[in-house]
Amino acid sequence: FRKASHSITGPAGDIIRPDGVGFLDYEVELGLVIGADMPVGTTVTEENLARYVAALVVADDVSARQIQLVKTQFYEAKSYPTFTPVGPWLTLVDAADLARLGSLRLTLSVNGQVRQDNSVAADMIVGPARALTLLSRFQPLAPGDLLLTGTPGGTALQAPAKVAGLVAGLLPPATRWRLFFGREAGNPRYLRDGDVITAMIASPDGRLDLGT
């Protein structure tokens, strides 16, 4: 899915929750900054990945779950101004660095409490080369474009248990979402006014450190 470019903000500012928008969630993600033109039909492999990825960056994919789920609208839910904090710097990479992506560990805490903590190798479903190849089937990319690559478990939103999901599927949509968000209102993990989010990505040996 897309995120609007105007959602990007710096690493130390406020995330602004729009009026009437609730259930804000966090997602630490590894960002790939494109370094070369990628026309439609480009095939990216592990061997040529460094030709297309110039830098890595820490990102937080802020998501308004109320909008995302009720409207089934990812674009709006993730594109409000300030909903994509990135930084604190771009880490320029070469082929050797990209070969070590699996060692990177993504960690996010809220008010000092660790919520997400896992490695790229353990939790990334689609690798960067494959993701770029799939995207370029229909979407050209250009230098400076930013691709976020997915988030570890630990977000406020959790998938319902299988039985609960089956039962909920039998209900009218309006009833289903009223019950769901009535339950979620008691979930303390959603972001509240004044919460401080800290996201970092680095290899355990510190040789590849994207910052905090």
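Give the long-range amide H neighbours of residue 30: residues separated by 5 or more places, or on another chain, with amide H under 5 Å away, using H modelled in the peptide plane at 1.01 Å from N. Residues meeting the amide H criterion: 149, 150.
Placing a label point 7 Å from the Cα of residue 40 along the Cα-to-Cβ direction, the residues of the stretch 111-136 with a backbone N closer than 14 Å are 135-136.
Dipole of the chain computed with +1 at Lys/Arg Cβ and -1 at Asp/Glu Cβ about the Cα centre; of 149, 179, 10, farthest Cα towards the positive end is 179. Applied to the stretch 92-105, the Karplus parametrisation 6.51 cos²θ - 1.76 cosθ + 1.60 on θ = phi - 60° returns per-residue 3J(HN,Hα) values of 5, 10, 10, 4, 5, 5, 5, 5, 9, 4, x, 7, 5, 10 Hz, with x for Gly and Pro.
Hey, can you find the accessible area per residue of the stretch 61-149 for me, probe 1.4 Å, expressed in square angstrom?
Details: 4270 Å² over 89 residues.
On a per-residue basis, the stretch 61-149 sits at 48 Å².
Considering only 108, 69, 148, the mean-square fluctuation computed in a Gaussian network model of the chain, springs between alpha carbons under 10 angstrom, is largest for 69. Calculated mean residue ellipticity, 222 nm, the chain: -5500 deg cm²/dmol, from DSSP H runs (n ≥ 4) at -39500 (n - 2.57) each, averaged per residue and rounded to 500.
Can you send over the carbon and sulfur percentage of the accessible area for the chain, probe radius 1.4 Å, protein chains only? Please report the intermediate quantities before stating the final value.
On the way: 6430 of 11120 Å².
Roughly 58 percent of what the probe reaches on the chain is carbon or sulfur.
Taking 112, 153, 87 in turn, the Gaussian network model of the chain (Cα-Cα springs below 10 Å) assigns the largest fluctuation to 112. In this calculation the C-beta distance from residue 125 to residue 196 is compared with R0 = 45 Å, giving a FRET efficiency of 0.95.
The label-point distance for residue 209 and residue 72, in a model that sets each label 7 Å from Cα toward Cβ, rounds to 4.6 nm. Summing Cβ point charges (Lys, Arg +1; Asp, Glu -1) relative to the Cα centre of the chain gives a dipole of roughly 820 debye.
From the Cα gyration tensor of the stretch 51-151, with a ≥ b ≥ c the square roots of its eigenvalues, which class applies: rounded if a/c is under 1.5, or else prolate if a/b is larger than b/c, or else oblate? Mind dumping the intermediate values first?
Working: a/c = 1.70, a/b = 1.20, b/c = 1.42.
Oblate, since a/c reaches 1.5 and b/c is not below a/b.
Each label was represented as a point 7 Å from its Cα along the Cα-to-Cβ direction; for residue 14 and residue 175 these points are 4.2 nm apart.
Reducing the stretch 22-48 and the stretch 49-116 to their Cα centroids gives an inter-centroid distance of 10 Å.
Could you sort 55-62, 135-142 so that the peptide with the highest average Cβ count within 10 Å comes first and the rest follow in order?
Numbers: 55-62: 23.1, 135-142: 14.0.
With the highest mean Cβ count within 10 Å placed first, the list reads 55-62, 135-142.
The values are calculated or read from the model by the stated rules, or taken from the named source; none is laboratory data. Note that the structure is predicted; figures quoted are calculated from it, not measured. Cβ: placed from backbone, ideal geometry, glycine included. Neighbour counts: every protein chain shown. For the accessible areas, the whole protein counts, side chains as well, though only heavy atoms, and no ligand, DNA or RNA atoms are used. Shrake-Rupley method; radii C 1.70, N 1.55, O 1.52, S 1.80 Å.
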